[in-house]
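One structure below.
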Protein chains: 2
Amino acid sequence: MARTPSGSNAYHHGDLRSALLAAADSLLEDRGVEGFTLRECARRAGVSHAAPAHHFKDVRGLLTAVAAGAFDRLTTSMHDRKALAPGDPLSQLQGAGEGYIAFALGEPQHFYLMFRCSVVNTEDEALSASGRAAFLELERPVAALHAVDDAMADANGNIDAVLLWSLVHGFAHLYLDGRVGRYSELDAATLAERVIGRTLTALGGHLPAKL
Amino acid sequence: MARTPSGSNAYHHGDLRSALLAAADSLLEDRGVEGFTLRECARRAGVSHAAPAHHFKDVRGLLTAVAAGAFDRLTTSMHDRKALAPGDPLSQLQGAGEGYIAFALGEPQHFYLMFRCSVVNTEDEALSASGRAAFLELERPVAALHAVDDAMADANGNIDAVLLWSLVHGFAHLYLDGRVGRYSELDAATLAERVIGRTLTALGGHLPAKL
DNA sequence: GAGCAATCTTTCCGTCGTCAAGATAATTTT
DNA sequence: AAAATTATCTTGACGACGGAAAGATTGCTC
């Protein structure tokens with residue numbers, strides 16, 4: 001198993017599946033989703049253009065696997081930021097949001113891919129599992145916040161999760177498109193930190209009544 | 001000028017540019033950005049596959065024009081909603097946000113296209129003008145809100161515009177991806193209304209100090 | 001060691017975007 | 001009004017793409 005140490009075997013690469021995923025990652029980073037090509041991916045892996053079909057049904061299958069891996073890294077990014085933050089729900093939410101945006105800015109092409117449902121097999125088991133895991137990182141602190149304040153939970157149900165998720169998701173997309181940069185001299189991370197912070201303090205200061 | 005009334009002239013369609021734009025609109029709606037094809041577009045316009053080149057440099061040029069038109073309709077959608085709302089800045093913002101999302105849900109494929117910078121010529125003059133006009137519909141009420149409350153303007157600068165824009169943009173994308181539907185039995189419009197409403201009341205109730 | 005399954009290559013097909021060259025219609029010039 | 005010019009559209013070609021089919025090679029199983 002593992003890879004054949006016999007140098008360059010024309011046949012039976014040994015771990016072509018992993019090699020293709022690595023090639024796909026670098027190709028995606030270089031050319032973006034639109035410039036992604038199955039044949040170029042095979043070329044980078046040093047293999048014929050029909051080889052990937054034996055490991056992934058088609059280009060969609062390959063990109064689906066790439067997207068699943070990216071979701072896992074998104075989860076990690078959010079998780080890491082939360083670990084550095086204080087334990088209260090608001091700080092945890094701030095960390096999760098910043099982690100979300102940090103991943104998007106760090107791997108823009110992967111981030112695009114993950115939400116391009118027409119390019120990816122949304123019914124894939126691994127992909128949807130990784131997707132759910134990622135968003136749990138954001139939803140758990142929201143639930144914790146509501147647990148602290150029952151009135152808020154009753155009044156707003158799961159609105160807040162959707163709200164914060166929309167916020168960081170939209171910010172990431174708009175910033176990557178270069179549509180918010182000119183609005184501020186702040187760098188992306190600082191701007192994101194303030195946008196999330198302002199939202200959370202507003203929501204947090206809005207616990208009672210008022211709606 | 002205008003179109004030749006002489007029925008089906010093989011040559012000199014008369015208004016092929018408009019016909020191609022119409023064909024592109026319907027094709028985009030049917031197949032999405034990924035399924036969009038210049039040849040199929042020409043087919044729908046009843047013209048050879050090389051004809052579009054005389055009116056649009058390439059497929060990117062055609063899609064750029066389509067995107068510009070879509071931005072104009074986005075502007076209209078926001079403008080119309082604001083016209084129906086009360087005149088106070090918060091209500092205007094609520095209307096603009098709902099109009100933004102209403103457009104996205106009504107023309108999802110066009111909405112996708114507008115923000116797919118790798119498929120569109122972002123340096124196109126008409127496109128960027130239409131884009132700026134659309135976002136002004138959202139930014140003007142924010143400025144009005146800050147004019148009412150100077151302290152807020154000083155403290156938050158243009159953060160609020162980025163915040164609200166990110167919110168509606170992210171919500172639209174996530175809802176279209178089917179990622180927020182299962183979180184609520186509410187239909188999209190109602191959910192959007194509540195998300196925006198909750199954000200605005202939180203921000204509005206957060207005028208003084210607190211940061 | 002023989003058969004079998006998995007893996008990879010080669011070849012082929014239809015479609016794509018773009019280019020070049022030719023044909024036709026409208027416009028301008030003379 | 002006729003000729004020349006320009007704009008518009010078609011046809012045909014090219015290379016690149018994704019995918020399918022068939023053949024070659026290797027590793028696994030019995």
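Before moving on, here are some points about what is shown:
- Of the helices (runs of 4 or more DSSP H) lying entirely inside the range A:33-119, those containing at least 2 residues that are more than 14 Å from every other protein chain (Cβ to nearest Cβ) and open to solvent by 60 Å² or more (accessible area, probe 1.4 Å) span A:38-44, A:59-84.
- A single member of A:Ala65, A:Ala53 is free of Cβ contacts under 8 Å to residues at least 24 places away in the same chain, among the hydrophobic types (A, V, I, L, M, F, W, C), within 16 Å of DNA strand C (Cβ to nearest atom) and closer than 28 Å to B:Thr37 by Cβ, and it is A:Ala53.
- Of the listed requirements (1) at pLDDT 75 or above; (2) in contact with a helix residue (DSSP H, G or I) (Cβ under 6 Å, 6 or more places away or on another chain); (3) open to solvent by 20 Å² or more (accessible area, probe 1.4 Å), B:Val195 misses just one: (3).
- Number of residues in the range A:22-41 that are out of contact with any Lys or Arg (no Cβ under 9 Å at 6 or more places or on another chain), more than 8 Å from DNA strand D (Cβ to nearest atom) and among the aliphatic types (A, V, I, L, M) equals 1.
- The lone exception for A:Tyr175 - which of (1) more than 9 Å from chain B (Cβ to nearest Cβ); (2) open to solvent by 30 Å² or more (accessible area, probe 1.4 Å); (3) at pLDDT 90 or above it fails: (1)
The values are calculated or read from the model by the stated rules, or taken from the named source; none is laboratory data. What you see is a predicted model, and the numbers here were worked out from it, not measured in a lab. Glycine gets a Cβ as well: all are built from the backbone with ideal geometry, and neighbour counts include every protein chain shown. What goes into the accessible areas is simple: the full protein's heavy atoms, side chains included, and nothing from ligands, DNA or RNA. Shrake-Rupley method; radii C 1.70, N 1.55, O 1.52, S 1.80 Å.
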